[in-house]
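Okay, so here's the structure we're looking at.
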């Protein structure tokens, strides 16, 4: 299993692209270069994803979570949504924040409630923008 520390240098390299990319897209926001007014949407997705990357890379919280069973077993990206039946989608959404929502408890215990809220809000926004099949409004 790959450890968080193995990803850290890659994440740090990636986050260097966020500022220039956001700046470029912001300067194009008034243009409809992607059609159907998608420039604003792409900018929003970029800001949200970069926000999540920055949050994770700049927080010592994720170093603390590296030994957490919940964090190790969690896969926050629900890939191939179209291949999932309704039962599988429901199960994937139920475990969006770890098995039975265990990340809430783990992040709160190890990093504090504020870090949990920041992380939760970023992940909910990612779901709302990209995945769109989980109703996460009840997650506290």
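Coordinate-derived values only; no laboratory data. No experiment lies behind these values; they were computed from the predicted model shown. Virtual Cβ from ideal backbone geometry, glycine too; neighbours counted across all protein chains shown.
Applying a 10 Å radius around every beta-carbon, put 110-117, 19-26 in order of their mean neighbour count, most first. Let's see the in-between values first.
Numbers: 110-117: 15.4, 19-26: 13.1.
Listed from highest to lowest mean packing, they are 110-117, 19-26.
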With a Cα-only, solvent-free Debye model of the range 4-131, what are the log10 I(q)/I(0) values at q = 0.13, 0.14, 0.21 Å⁻¹? -0.64, -0.73, -1.27
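How much length, in nm to one decimal, is gained on full extension between residue 11 and residue 73, taken as 0.36 nm per residue of separation minus their Cα-Cα distance?
Values: separation 62, 0.36 × 62 = 22.32 nm, distance 1.98 nm.
Taking 0.36 nm per residue and subtracting the Cα distance, the gain is 20.3 nm.
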